[in-house]
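I have placed the structure first, in the form of structure tokens, so that the comments after it can refer back to it.
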Amino acid sequence: MNPVIQAADTTQLAPHAAAPHAVDGSAHHLHAPTPGATATLIQDLRELFKVKVVTLVLVTGWGGFYLGSMQSGISSVQRGLLDVLIGIGLVSAGAGALNQCLERTSDARMDRTANRPLASGRFSLAAGIIAGLGAVGLGAFWLLLYTNPITVALALLTAFSYVAIYTPLKRVTTMATFIGAFPGAMGPLLGWTAARGRVEWPAVALFGILFVWQFPHFMSIAWLYRADYAKAGIRMLPVVQPDGGSTVVQALFYAVLMIPVSLAPWKLGMTGVAYAWIATALGLVYLGYTIRFAGILHAESEEQSRMLARDLLKVSVLYLPLLFTTLMVCAIAKG
């Protein structure tokens, strides 16, 4: 039995105490969860299913569904939204669990991931596989019931590319980050197809925003944890080229590209001009912090270098929901 959920025997009754319900004359042991076991189990499930990542997928999926509904001239506040988010969330959670099944050995070598349930041994590999496949299967079935075949196909393709292509490639080539950006950008596209039943240029624009956004975000993470990645044999760019030059160039390239890409919804007539102004301002802030991140090339200390990367990471996490909120608020309804 998994030690996280194993019950602990309470102290036996004293010899002179009567044993309750002792039909055969022997004392029954009382069982209760070990103190803290329930909290640990909940935290382990959160880690196994990568709840933080799933939350980001759900937020962007909601944005795609909302904007797709606006394009159709209908409200997104409906039961269909909940069904879409349940299905997308389950598939994403299952993919996260399967990712950890494949990476349990490398996770155990990194300080930031060594305490994950599979890496630490609190969950068995079989349990992780069953949980992952079960969540993906249930999510795909849910989407099939309540959305359309194209959304199901795209959701399964996302899970497959994340688990079977991106995950093993991380130990082989730095191109894994580029390849992993494709499944990482699928949230709003899935929301859009769930609402509209087809892939259209506005959906591609939303996909593009997520795709480009990821690179400064992941470059900051890769720089912060480059020593961990090196220990695990994961070929992130700062590991392969430790001087940081290529890391900065890639982050800057995509931060600059982020500004015109974020304006694509306006150019496609999805929003009014107010969105264009706000998106440009947000993009300039994102670019500004990415330029600041370039300071890692001449940082006076490791702490200063980490501070620059950490600041870019925080700004990237704020930038995306602010951009999508602006996009949704400024969206133009069509019939």
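The values are calculated or read from the model by the stated rules, or taken from the named source; none is laboratory data. Model, not experiment: these values are computed from the prediction. Heads up, the Cβs are rebuilt from the backbone with ideal geometry, glycines too, and the neighbour counts pull from every protein chain shown. Ligands, DNA and RNA are excluded from the accessible area calculation, which covers all protein heavy atoms including side chains. Shrake-Rupley method; radii C 1.70, N 1.55, O 1.52, S 1.80 Å.
In sequence order, what are the phi-derived ³J(HN,Hα) couplings for region 278-294 according to the Karplus relation 6.51 cos²θ - 1.76 cosθ + 1.60 with θ = phi - 60°, rounded to whole Hz, with x for glycine and proline?
Once rounded to whole Hz, the list reads 5, 4, 5, 4, 5, x, 5, 5, 4, 5, x, 6, 6, 4, 4, 4, 4.
What does the charge dipole of region 203-309 about its Cα centre add up to, to the nearest 20 debye, if the Cβ of each Lys and Arg holds +1 and the Cβ of each Asp and Glu holds -1? All intermediate terms of the calculation are to be shown ahead of the outcome.
Details: 6 positive and 5 negative charges, 56 e Å.
Around 260 debye, computed over region 203-309.
Which is farthest toward the positive dipole end of region 227-335 among S301, Q241, F253, measuring Cα position about the Cα centre, with Cβ charges +1 (Lys, Arg) and -1 (Asp, Glu)?
Working it through, the farthest residue towards the positive pole turns out to be F253.
Within 10 Å of each candidate Cβ there may be at most 13 other Cβ atoms; applying that plus a DSSP loop requirement, which trypsin sites (Lys or Arg not before Pro) in region 198-265 survive? The partial results should precede the final answer.
Numbers: sites: R198, R226, K231, R235; in loops: R198, R235.
Those satisfying the criteria are R198.
Which ³J(HN,Hα) values, rounded to whole Hz and listed in residue order, are derived for region 69-75 from phi using the Karplus coefficients 6.51, -1.76 and 1.60 in 6.51 cos²θ - 1.76 cosθ + 1.60 with θ = phi - 60°, glycine and proline given as x?
These are the phi-based 3J(HN,Hα) values: 5, 4, 5, 8, x, 10, 7 Hz.
How much length, in nm to one decimal, is gained on full extension between I129 and V77, taken as 0.36 nm per residue of separation minus their Cα-Cα distance?
Result: 15.2 nm gained on full extension.
Taking 0.36 nm per residue of separation and subtracting the Cα-Cα distance, what length does fully extending N115 through I42 add?
Roughly 24.9 nm would be gained on extension.
Farthest toward the dipole's positive end in the chain, which of F215, W192, N99, given Cβ charges of +1 (Lys, Arg) and -1 (Asp, Glu) about the Cα centre?
My answer, from the dipole projection, is W192.
For region 153-210, max minus min Cα coordinate along each principal axis, in Å, sorted largest first?
Per principal axis, max minus min of the Cα coordinates gives 38, 21, 11 Å.
Report the far tail of the P(r) of region 256-309, meaning the percent of Cα-Cα pairs longer than 15 Å.
Here the tail beyond 15 Å accounts for 55 percent of pairs.
Starting from the eigenvalues of the Cα gyration tensor, five times each then square-rooted, give me the equivalent ellipsoid semi-axes of region 122-249, largest first, whole Å. Numbers along the way, then the final one.
Working: eigenvalues 183, 89, 18 Å².
Its equivalent ellipsoid spans semi-axes of 30, 21, 9 Å.
Calculate the dipole size of the chain relative to its Cα centre from +1 charges on Lys and Arg beta carbons and -1 charges on Asp and Glu beta carbons; express the result in debye to the nearest 20.
Values: 22 positive and 15 negative charges, 129 e Å.
So the magnitude is around 620 debye.
Using a 1.4 angstrom probe, figure out how much accessible area the chain has per residue, in square angstrom, rounded to the nearest whole.
On the way: 16140 Å² over 335 residues.
That works out to 48 Å² for each residue.
Where the only charges are on Cβ atoms (+1 Lys, Arg; -1 Asp, Glu), what is the dipole of region 290-331 about its Cα centre, to the nearest 20 debye? Walk me through the numbers on the way to the answer.
Details: 4 positive and 4 negative charges, 35 e Å.
Rounded to the nearest 20 debye, it is 160 debye.
Using the Karplus curve 6.51 cos²θ - 1.76 cosθ + 1.60 with θ = phi - 60°, what ³J(HN,Hα) values do you get for each residue of region 305-316, in whole Hz, with x for Gly and Pro?
Along region 305-316, the couplings run 4, 5, 5, 5, 5, 5, 5, 5, 4, 5, 5, 4 Hz.
Counting residues in region 180-305 as N, plug N into 2.2 N^0.38 Å and put the Cα Rg over that result. List each step's numbers first, then the result.
Details: Rg = 16.9 Å, N = 126, 2.2 N^0.38 = 13.8 Å.
After normalising by residue count via 2.2 N^0.38 Å, the value is 1.22.
Carbon and sulfur atoms: what percent of the 1.4 Å accessible area of region 200-335 do they account for?
With neighbouring chains kept in place, the figure for region 200-335 is 70 percent.
In µm²/s, what is D for the chain at 37 °C and 0.692 mPa s, where D = kT/(6 pi eta Rh) by Stokes-Einstein and Rh is the Kirkwood radius from Cα pairs? Don't jump to the answer; show the numbers that get you there.
Values: Rh = 21.9 Å.
Estimated via Stokes-Einstein, D reaches 150 µm²/s.
Hey, if you put +1 on the Cβ of every Lys and Arg and -1 on every Asp and Glu Cβ in the chain, which of L322, Y289, Y275 ends up farthest toward the positive end of that dipole?
The listed residue farthest towards the positive side: Y275.
Among the listed pairs K50/K314; K267/K334; K314/K334; K52/K231; K52/K170; K170/K267, which have their C-alpha atoms separated by more than 27 angstrom in this model?
Values: K50/K314 19 Å; K267/K334 15 Å; K314/K334 35 Å; K52/K231 24 Å; K52/K170 21 Å; K170/K267 36 Å.
The pairs that break the limit, which is 27 Å between Cα atoms, are K314/K334; K170/K267.
For region 278-305 and region 76-90, what is the separation of their Cα centres, given in Å?
36 Å
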